[in-house]
Amino acid sequence: MEQGFLGIDVGSTAIKVGIIVKGTSIYHSSQALTTYDEAGGARYQKATEILQTIAGLLSEIPREFMEQVGSLSFSVAMHSLMPVVNGQFDKIFLWSDQQATEVIRQLPVATARRFYLRSGTPIHPMSPFAKLLYFQQAQTYPENTYWWGLKELLMDYFTGQVAIDVATASATGMCNLESGQWDEEILAYLGVKKGQLAPIVPADQVFKIKEEQVKQFGLKPQTSVYCGASDGCLAAYAGLATTGIANSLTIGTSAALRSIGPDRKLDVSQQPFAYRLTDKLFVCGGPSNNGGSVLAWASGIFSGDSSTFFCELPEILETTPIGAGGVKFYPFLNGERAPYWDADLTGGFQNLRITTTRQELIRSVVEGILLNLRTLKQSIIGSGALTLSGGFFDTPELAQLTVDVLGNEAVLSKENEPIFGLYYLLVGDKNPDVSLTNVEKLVPNRKKSELYEKLHQGYFKF
């Protein structure tokens, strides 16, 4: 009899927990996290609040479900960095932290290209490499500071051992893509010793759970703890495991197009990421800062009430023309990562006239988000089918519009989430049913796709 698997997913904005038995979710819950902003671009969450939130979510799981759990593991958001000084820690700097913007701008081009090719991590303020470089130059923390992230925090809390999985390490900009271990040249450039970082372990390395956590949460003493992986890699793996499709698009707060397979796709001009998941699998792709957060911004601007906005959105998309009456929207409200890698890039409307309507403005926002992702398509997924995941696709009309803009067939599957990725990577059937009978299939409208292809060709001009 298969025991239950407990997945803990610490994302950028919320923590999710779920229990899966025989490939089926029997319990899930979530809670939002508070993010703090400070002058100078600092953006962080608090370690104590993250651990308290996890403890609260686990304590709410009914006993009959928790008693089924035989193993657990963690998915974490990529690019976090937490200074540990004399055993004390609190701030976890997120991918969206911008303190390193100027430092990265001044990084020699040759050095940036070399480190990108060595690590597979784009050179951008999002990466722990960039954050650490900034902190080292500013001498913000003592020389003997240890540098952890979300994964190390969770491993320490649940097992008493500090470790980081290879996928999460691969997204730090300090891990050698070829070896899957810390890159000595990059560490030397940063002035950091390997001992200041956690050891890198495989996703499926097993650890013993702390007795304290066994008692607190009602888990079995023999519960296996796996180190796990990162959210982006796991979302890609979940799609592959449950559908057989190697390409994926996730749109949550941010967005990313990904492809999973044995090949590493590196390009110094567009800087797609390439992260190691296992000895044989790499996840390559392009991340965008501007996904659901831009749509949330639009709902506040144009409706003031998000529920009203999303209720009227389908009708707006139905009654307005492709191209929004000539209005274009650059969605770079949060700067942008792929393919521009410019934290200072800004958004805005183009071609406004006195006759422009509110509905056209709203449509242009949606089109701008999707056409921006369309820019990444050719180098990452080509014309192949893809899986869709993330809250953006809770609105069916947005899912259909996405495949129309991209011109690719797609499937929607609720199992295309990091916790399912953990399950299939670590304990589930390695060859699940991929007949696609339980997923929603989406086919692009060819006439609309042709119009969007023409629209995309001249859409972004700088």
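Assorted remarks:
- 0 to 90° range, to nearest 10: angle between helix 292-302 axis and the chain longest Cα axis: 50
- What you get for the chain, charging only the Cβ of Lys and Arg (+1) and of Asp and Glu (-1), is a dipole of about 820 debye around the Cα centre.
- Highest-first arrangement of 189-199, 233-243, 267-277, where packing means the average Cβ count within 10 Å: 233-243, 267-277, 189-199
- Close amide H partners of SER224, meaning residues 5 or more places away or on another chain with modelled amide H under 5 Å apart, are SER71, LEU72.
- For the range 175-190, Karplus couplings with θ = phi - 60° (6.51, -1.76, 1.60), whole Hz, Gly/Pro x: 9, 6, 4, 6, 8, x, 10, 4, 8, 5, 5, 5, 5, 5, 4, 7
- The range 62-76 and the range 440-462 have Cα centres separated by 43 Å.
- When the charge dipole of the chain is built from unit charges on Cβ atoms (+1 for Lys and Arg, -1 for Asp and Glu) and taken about the Cα centre, the candidate among GLN3, VAL166, PHE393 whose Cα reaches farthest toward its positive end is VAL166.
- Of all DSSP beta bridges in the chain, antiparallel share, percent nearest 5: 70
- Rounded to 10°, Cα long-axis angle of helix 358-380 versus longest principal axis of the chain: 60
- For the range 263-297 versus the range 139-195, the inter-centroid distance based on Cα atoms is 20 Å.
- As a rough guide to protection, the peptides 13-21, 169-177, 52-60 ranked by mean Cβ packing within 10 Å, highest first, stand as 169-177, 13-21, 52-60.
- The lysines within cross-link reach of LYS131, meaning a Cα-to-Cα straight distance under 18 Å and a gap of 8 or more places when in the same chain, are LYS46, LYS91, LYS151, LYS193, LYS194.
- Only helices enter the 222 nm calculation for the chain: every DSSP H run of n ≥ 4 contributes -39,500 (n - 2.57), and dividing by all residues gives -10500 deg cm²/dmol, rounded to 500.
- Fully extending the segment from GLU450 to ARG358, taken as 0.36 nm per residue of separation minus the present Cα-Cα distance, adds 30.6 nm.
- Using C-alpha pairs below 8 Å separated by at least 6 residues, the relative contact order for the chain is 14 percent.
- Taking Cα atoms only, the orientation of helix 47-59 departs from the longest principal axis of the chain by about 90 degrees.
- In terms of the mean number of neighbouring beta-carbon atoms within 10 Å, the peptides 131-137, 119-125, 454-460 order highest first as 119-125, 131-137, 454-460.
- Top positive-direction residue, dipole computed over the chain with Cβ charges, set GLY458, VAL206, LEU190: GLY458
Any read-out appearing in this document is the output of simple, stated calculations on the displayed coordinates, not a laboratory observation. Not measured: the values here are computed from a predicted model. Positions of Cβ are backbone-derived with ideal geometry, glycine not excepted, and every protein chain shown enters the neighbour counts.
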